[in-house]
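Structure, as C-alpha cells:
The values are calculated or read from the model by the stated rules, or taken from the named source; none is laboratory data. From a predicted model like this one, the values you see are computed outputs, not experimental measurements. When we count neighbours, we look across all protein chains shown, and the Cβ atoms used for this are built from the backbone with ideal geometry, even at glycine. To get the accessible areas, we keep the full protein, side chains included, count just its heavy atoms, and leave off ligands, DNA and RNA. Shrake-Rupley method; radii C 1.70, N 1.55, O 1.52, S 1.80 Å.
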Amino acid sequence: MTQDVEMKEQPAPSNSVPSNVPSTLHHLKEIAAIVETGAYTKEVRRINRAVRLTLALRKKLKTSVVSSFLNYALASGSEALIRLLSYLPKEDDHDMEVDTAISATHTPAKHSPELEIYAYLLVLIFLIDQKKYPEAKACGKAGIARSRNMNKRTIDVLASRLYHFYSYCYEMTGDLVEIRGDLLNLHRIVTLRRDELGQETLLNLLLRNYLHYNLYDQAEKLRSKAPRFEAHSNQQFCRYLFYLGKIRTIQLEYTDAKDSLLQAARKAPVGALGFRVQCNKWAIIVRLLLGEIPERTVFMQKGMKTVLRPYFELTNAVRIGDLELFRNVADKFASTFSADRTHNLIVRLRHNVIRTGVRNISISYSRISLVDVAHKLRLDSPNPVADAESIVAKAIRDGAIDATLDHANGWMVSKETGDVYSTNEPQSAFNSRIAFCLNMHNEAVRALRFPPNSHKKEKESAEKRRERQQQEQELAKHIAEEDDDEF
C-alpha cells in the first residue's frame, strides 16, 4: 500500500504538456481576430501577419481542429461552411471526441469576406499537407472563384496565397498545363483591378508553368509584355529574378543571366535554403559559360557543400581544361544534372573546356606541334590533328590566345605575353565592380521602408512619443519576420 501511494505521488514527467499552453484552435481564433481587425481597419500588414502565423501552425493542424475552427469562424448553415467541411477527410472516434469538447463556442451570425477567404486558404493548406490533392484542387478552385467576386485590397493578400497553393497542387500531380488558361485569365483580372501583389504572384506562376515544359520563348514573350509594376513582395521578386535568369541563360545572354541569378540568391531569405541552392547551381554554370571560375567559398556555404559537390568537380574539370575529366564528371553525375535541368547547359561547356586547355597550352609552350596539342587536349575524334588545328585557329580568331599557326610545319607558335596593365582590361573590370556597387546602393534605397505618417512633424507629448516608438518597434519586428517567411 505504501508503495502504491508513493507511486501515485510521483511528479508528472517533464515532457508532459502543461495545461496552460494555448491549443492550436486557440491560436487559430487569435489569427481570425487579426484577420477581422485587418479587414475593419483596412491594414494589409495585419493580413500578412495572419498568413505568416498560419504557415507556422501547419504541422499542428488536424481534422478536428480545422473543423472546429470552421464552425467557429463561419456562420452556421452557410454555403462556405458546408462546402469546406465536405473537403475535410473523415475523423476517427478520438478526433470526434476532441472536436465535440472544443467546439462548444459561440458561432458568429455573420462573417467578413476576408475571414471566409482565409478559411478557404486554411483548408487548402491542410489538404496539401495531408496529400489530398483532388480535394485540394476543388477547394482552391472554389476559393479563387469566391475571391474573384471581391475587389478589396485586404483580400488581395489572401487571394495571392490561394493562387500559389492552387498551382502547387497541380504541380505535385503533374497537371500544370491544365490550369495555364485559368492563370492567364486571373492575371488579366488582377491587372485590370491594379492588384500588384496578384500580378507578381500570377506572373511568377505563369513563368514557372512555361519553364516546367521548357517553353522558354513563350515565357519571354509573356514577361516582356506583362505590365510593369513595383515589387511589393521580396519573395516574389526573388522568384522573378530566378526565372528571368533561367530564360536569359537559355537565350545565351549570360551576362544578364548571371546578374539576375546572383541577385536572386543574395536577396533570398536565409531560411530558403533550397531556393538559394538552385540559384547557385545555375549561377555556377553561367559563370563557367562566361569563362569565369567561381570562388571556392561558393561551394563551401553552410548547408550547400554536399548538394554542390557535382558542380564543384565540374568546375575543377573546366578550370584544368581536361576534356576527359570533364566527360567523366558529366557521366558520373548525369542523373543529378538531369534532375536540375542543367544537362543541356553542361553540354555547352565542352567548348569552354577545350578553349581553357588551349589557353593553358599556349601559356606553357612557346612552340608546340599540333599532334602534341591534340594529345594534351585528349581529343577522341577520328582525325585529332585536323580538329586540333581548327580549334587553335578558332581560339586565335576569337582572341582567346595570342599565337600563330605554322601550317607547313604543323606548329602553334605562342607570342610573348605582354603586360596586362598596359591594356584596358583592368579599367573595364574596375568599372564593372563600380556599377555593381552603385546598383546595390540604388536597390537598397528603393527598398527602404518607413512607418506611416513619418513625414508629419508635429509636437507630441512624452506619452504619445513612447506609444509611437513602441509601434515603430513592432512594425520593424513584423518587417523582419517577413524576410524569414516560408519561401
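Checking each residue in the stretch 47-61 for being over 16 Å from Ser233 (Cβ atoms) and either over 21 Å from the mean Cα position of the chain (by Cα) or not hydroxyl-bearing (Ser, Thr, Tyr) (or both) picks out Leu53, Ala56, Leu57, Arg58, Lys59, Lys60, Leu61. Scanning the stretch 129-143 for residues that are touching a residue at least 12 places away in the same chain (Cβ under 8 Å), part of a helix (DSSP H, G or I) and open to solvent by 10 Å² or more (accessible area, probe 1.4 Å) returns Asp129, Tyr133, Glu135, Lys137, Ala138, Lys141, Ala142. Is it true that some residue in the stretch 344-365 is without any contact (Cβ under 8 Å) to a residue 24 or more places away in the chain and either under 28 Å from the mean Cα position of the chain (by Cα) or open to solvent by less than 70 Å² (accessible area, probe 1.4 Å) (or both)? Yes, some residue in the stretch 344-365 is without any contact (Cβ under 8 Å) to a residue 24 or more places away in the chain and either under 28 Å from the mean Cα position of the chain (by Cα) or open to solvent by less than 70 Å² (accessible area, probe 1.4 Å) (or both). The residues of the stretch 192-206 that are assigned to a helix (DSSP H, G or I) and either open to solvent by 40 Å² or more (accessible area, probe 1.4 Å) or closer than 12 Å to Gln236 by Cα (or both), listed by number, are Leu192, Glu196, Leu197, Gly198, Gln199, Glu200, Thr201, Leu202, Leu203, Asn204, Leu205. Of the helices (runs of 4 or more DSSP H) contained entirely in the stretch 219-316, those carrying at least 1 residues that are open to solvent by 10 Å² or more (accessible area, probe 1.4 Å) and farther than 21 Å from Leu203 by Cβ fall at 254-267, 273-289, 296-299.
The residues in the stretch 134-151 that are within 12 Å of Ile189 (Cβ to Cβ) and not hydroxyl-bearing (Ser, Thr, Tyr) can be counted, and the count is 6. Taking each residue of the stretch 370-393 that is open to solvent by 70 Å² or more (accessible area, probe 1.4 Å) and looking for partners that are assigned to a loop (DSSP other than H, G, I, E, B) and modelled with pLDDT of 70 or more with beta-carbon atoms closer than 8 Å, six or more apart or interchain, yields Val371/Gly410; Arg378/Asp322.
Residues that are charged (D, E, K, R), more than 20 Å from Val51 (Cα to Cα) and assigned to a helix (DSSP H, G or I): does the stretch 145-158 have at least one? Within the stretch 145-158, not a single residue is charged (D, E, K, R), more than 20 Å from Val51 (Cα to Cα) and assigned to a helix (DSSP H, G or I). Does the stretch 325-378 hold any residues that are aromatic (Phe, Trp, Tyr) and closer than 16 Å to Glu313 by Cα, and which are they? Hits for the stretch 325-378 are Phe326, Phe333, Phe337.
Going through (1) in contact with a Ser or Thr (Cβ under 9 Å, 6 or more places away or on another chain); (2) surrounded by fewer than 16 Cβ atoms within 10 Å (Cβ to Cβ); (3) modelled with pLDDT of 80 or more one by one, Ser68 falls short only on (2). Against the numbered list (1) modelled with pLDDT of 85 or more; (2) closer than 23 Å to Glu36 by Cα; (3) among the hydrophobic types (A, V, I, L, M, F, W, C), Met150 comes up short only at (1).
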